[in-house]
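The structure under discussion appears below in the form of structure tokens.
The values are calculated or read from the model by the stated rules, or taken from the named source; none is laboratory data. This structure is a prediction, so every number in the text was calculated from the model and none was measured. All Cβ positions, glycine included, derive from the backbone under ideal geometry; neighbour counts span all protein chains shown.
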Amino acid sequence: MLRANISLKALCLILFLLQAVSAQLGYQVEEATLTVYRDGVVAVALEVAMEGELASIRLPLLGTPEAILVLDEEGSPIDFTVEDGWLKIYLFGASNLKVYYQTQDLTSKRGTLWTLSFVSPWKTRILLPSDAYVTDVNVLPEGFTASEQNLLVEMPPGEVELSYVLEPTVVMPPSGGFPKLYLYVGAILSAAITLSAILWFRRRRKRTAPPAVNLEELLRGREHLRPDDRELLGFLVESGGQAFEAEIRSHFRLPKTTVWRMIKRLEREGLVEVSKVGGQNLVKIRAGETGVPEGS
Amino acid sequence: MEASEIHLKTLSLLLASVLCLSFLAGMLPAAQASSSEETPLAKKASALFNMASKTGDRVHRLIEKLEQKGVTVPQKAKDAYEEGEGFLEQAETLLEEGNYQESVRYSFKALASFREALSRIFKLGVLRENTAATLKEAIERCEKTVERLRELLGRLEEAGYSGEQLEAAKSRLNEASMKLKEAMELLEKGEISEAAKRLGEARKLIAGSEGELIKLVKPFHVKRIEKYLERLEQRMEALKHKVEASKMPKHAKEKALKALSRAIYHIEKAREHLKGEALSQAYGEAEAASLQLSQMGIL
């Protein structure tokens, strides 16, 4: 009887706690954005919607916050206090909130490698500098977009650990105190030489008759090639057997990496070769791979 | 069997069924999610592939940049990059075939190869952090903060606030803005340490105006809580009339009215604290009143 009574009490307690926990929240974090700056500072921006008219809420903080600002739906400031990793916000009827703060606790650096780590109860949108290289991530991202401004990584709730490297600058060792004027003259000369080389090459390309390349022959026995790789070969054939990587990119309107992988696949097939001309990648159908029998 | 024991068993059965139902209710969305799991995994695998692909692109560009500058990139770094590209290609094929788990595995392998390539490249000692870019971003971040604080000051002015504190905050922000502009100009000229100095000065000014603002926004907080207390009071009045006019048993009526008077007590206390400018105590009392009402199922 006593045992039954105890278990019943335990059951009641569990039910009560479940009820209490779900009732306590009373808010929904609709968007959590973490903007990661190059110096390791992370700006946190939360958009919170209330469920009902509440006096106050407690939001878990990601790191030790600095420069906190809480605004209501009209952009008016709302009072808050920081309590042991929580941000207590005195809503008194506000229905939507915008919370901003900065923290330096979420990033660490080892050598050139930065690591962003935190535990979030919500999905997070991480904005990394546009020149960041993501080198590792502990969970599968829910989304990834690269724009000119930044890289957007969408992460699920829970523990997040993301490693990245920032685009470095190339620093050449000093070359023995060359006078500045010579350096300038040298730079101008080399630019002029490169430019004339490109122009000369382009003219030569126009003047020389395109080598006879038979696409059908070229593709014979290579049925495994992907349709996009075939299209690239077709484009090369139309361009007289060769084209710059940049030309291919603008023709197909594809990202650089995608085009590069297409070229690499064809290179592995032994169909094309890549050489440097004036600092640009020139993709050429390999000699002997014209699809036309030699001597014809 | 005693009557109380039967009652207890019925109760346990009832609770157990409630628990089962909540468990099943919890399972339902999970079941729905698992049935449509293929789509999220496809999305995740594609996101990871795109991320690895971007990293590959960057490593490729870095190798090109180094070679253009006449730096000999170690073959092992190039091999690691090539290996990564190979893994990416497999990841892409698997993604197209719908084999998302394997595609994820290959994307992670590609990332590991690119990491390897990068670490070998960084060991060359010809790469340095882009201090100018870091500083530029820090200046821009401060400019955003100034903008946000200016907006807030604008709201205060709209609401009819004026006075020395507001003017002081405004002039500090203007000064900070000037310093940031100077910092950016110095940075463009390549005078990094001077630019950093100006940024530091601007930061101090921003912190000062933030301090002014904290004092300035106090009336906003007072107004907010006063309005809230008014709303609570109106609700309680309405409820009090309802309870008094209702035909509920006497003891229940007395209990409800007692709870209401407790809430009224907290509201009065909150108002007293507001008069004494003790904002945090006023918050505590308003919260207590709110809790009292939510326990009665009003809020």
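Inspect region A:100-108 for any residue being surrounded by fewer than 22 Cβ atoms within 10 Å (Cβ to Cβ) and at the interface with chain B (Cβ under 10 Å from one of its Cβ atoms) and give the result as yes or no.
Within region A:100-108, one or more residues are surrounded by fewer than 22 Cβ atoms within 10 Å (Cβ to Cβ) and at the interface with chain B (Cβ under 10 Å from one of its Cβ atoms).
Would you check if B:SER261 is loosely packed, with under 14 Cβ neighbours inside 10 Å and assigned by TED's automatic domain parsing to the domain that holds B:ILE139?
Here the answer is no, as B:SER261 does not meet what is asked.
Could you list, in sequence order, all residues of region A:131-149 that are within 9 Å of chain B (Cβ to nearest Cβ) and small (Gly, Ala, Ser)?
Scanning region A:131-149 gives A:ALA132, A:GLY143, A:ALA146.
Being surrounded by 16 or more Cβ atoms within 10 Å (Cβ to Cβ) and closer than 20 Å to B:GLU67 by Cα is the filter; apply it to region A:262-276 and report the residue that is farthest from the other protein chains (Cβ to nearest Cβ).
The residue in question is A:GLU273.
For residues in region A:48-68 being under 28 Å from the mean Cα position of the chain (by Cα) and part of a strand (DSSP E or B), which is surrounded by the most Cβ atoms within 10 Å (Cβ to Cβ)?
A:VAL48
Okay, residues lined up against (1) more than 9 Å from every other protein chain (Cβ to nearest Cβ); (2) more than 27 Å from the chain's Cα centre (by Cα); (3) polar (S, T, N, Q):
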site	(1), (2), (3)
B:GLU188	yes, yes, no
B:ILE192	yes, yes, no
B:ALA195	yes, yes, no
B:ARG198	yes, yes, no
B:GLU212	yes, no, no
B:LYS215	yes, no, no
B:LYS218	no, no, no
B:VAL222	yes, no, no
B:TYR228	no, no, no
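From the list B:ALA289, B:ALA207, pick out the single residue that is within 14 Å of chain A (Cβ to nearest Cβ) and within 27 Å of the chain's Cα centre (by Cα).
Selected residue: B:ALA207, the only one of B:ALA289, B:ALA207 that is within 14 Å of chain A (Cβ to nearest Cβ) and within 27 Å of the chain's Cα centre (by Cα).
For region A:74-88, which positions are part of a loop (DSSP other than H, G, I, E, B) and free of Cβ contacts under 8 Å to residues at least 24 places away in the same chain?
Result: A:GLU74, A:GLY75, A:SER76, A:ILE78, A:ASP79, A:ASP84.
Only one of these conditions is not met by A:PRO293: (1) modelled with pLDDT of 80 or more; (2) assigned to a loop (DSSP other than H, G, I, E, B). Which number is it?
Failing condition for A:PRO293: (1).
With respect to the numbered conditions (1) over 22 Å from A:GLY75 (Cα atoms); (2) at the interface with chain A (Cβ under 9 Å from one of its Cβ atoms); (3) buried (at least 16 other Cβ atoms within 10 Å of the Cβ), which one is the sole condition not fulfilled by B:ARG141?
B:ARG141 satisfies all of (1) over 22 Å from A:GLY75 (Cα atoms); (2) at the interface with chain A (Cβ under 9 Å from one of its Cβ atoms); (3) buried (at least 16 other Cβ atoms within 10 Å of the Cβ) except (1).
If you check B:GLU67 against the conditions, is it more than 7 Å from every other protein chain (Cβ to nearest Cβ), in a helix (DSSP H, G or I), under 30 Å from A:VAL42 (Cα atoms) and out of contact with any strand residue (DSSP E or B) (no Cβ under 7 Å at 6 or more places or on another chain)?
Against the criterion (more than 7 Å from every other protein chain (Cβ to nearest Cβ), in a helix (DSSP H, G or I), under 30 Å from A:VAL42 (Cα atoms) and out of contact with any strand residue (DSSP E or B) (no Cβ under 7 Å at 6 or more places or on another chain)), B:GLU67 does not qualify.
Being away from chain B (no Cβ under 14 Å), modelled with pLDDT of 80 or more and surrounded by 13 or more Cβ atoms within 10 Å (Cβ to Cβ) narrows it down to one residue among A:VAL259, A:VAL283; which is it?
A:VAL283
What pairs come up if the first residue lies in region B:124-146 and is over 30 Å from B:ILE63 (Cα atoms), the second is modelled with pLDDT under 90, and their beta carbons are under 9 Å apart, counting only those six or more places apart or on different chains?
Close Cβ pairs satisfying both conditions: B:THR145/A:ALA67; B:THR145/B:GLU210; B:VAL146/B:SER209.
With respect to B:ALA202, is the statement that it is touching a helix residue (DSSP H, G or I) at 6+ places or on another chain (Cβ under 8 Å) and surrounded by 15 or more Cβ atoms within 10 Å (Cβ to Cβ) true?
yes
Considering every residue within region A:63-83, establish whether at least one is within 19 Å of A:MET155 (Cβ to Cβ), at pLDDT below 95 and not aromatic (Phe, Trp, Tyr).
yes
Return the pair list, or none, for Cβ contacts closer than 6 Å from residues in region A:245-268 that are on the phi < 0 side of the Ramachandran plot to residues that are polar (S, T, N, Q), at least 6 apart or on different chains.
Listed pairs, sorted by first residue: A:GLU245/A:ASN281; A:THR257/B:SER53.
Within the bounds of region A:150-161, is there any residue that is facing chain B (nearest Cβ under 8 Å), surrounded by fewer than 19 Cβ atoms within 10 Å (Cβ to Cβ) and in a strand (DSSP E or B)?
The answer is yes; a qualifying residue exists.
Restricting the search to region B:97-134, which residues are over 18 Å from B:GLN75 (Cβ atoms), out of contact with any Pro (no Cβ under 7 Å at 6 or more places or on another chain), facing another protein chain (nearest Cβ under 9 Å) and modelled with pLDDT under 95?
Of everything in region B:97-134, those that are over 18 Å from B:GLN75 (Cβ atoms), out of contact with any Pro (no Cβ under 7 Å at 6 or more places or on another chain), facing another protein chain (nearest Cβ under 9 Å) and modelled with pLDDT under 95 turn out to be B:THR131, B:ALA132, B:ALA133, B:THR134.
Could you please find all residues in region B:264-286 being surrounded by fewer than 12 Cβ atoms within 10 Å (Cβ to Cβ) and facing another protein chain (nearest Cβ under 10 Å)?
Keep residues of region B:264-286 that are surrounded by fewer than 12 Cβ atoms within 10 Å (Cβ to Cβ), which gives B:275-277, B:280.
Selection gives B:SER280 alone.
Given the condition within 8 Å of another protein chain (Cβ to nearest Cβ), surrounded by 17 or more Cβ atoms within 10 Å (Cβ to Cβ) and charged (D, E, K, R), answer yes or no: does some residue in region B:170-179 qualify?
Scanning region B:170-179, I find no residue that is within 8 Å of another protein chain (Cβ to nearest Cβ), surrounded by 17 or more Cβ atoms within 10 Å (Cβ to Cβ) and charged (D, E, K, R), so the answer is no.
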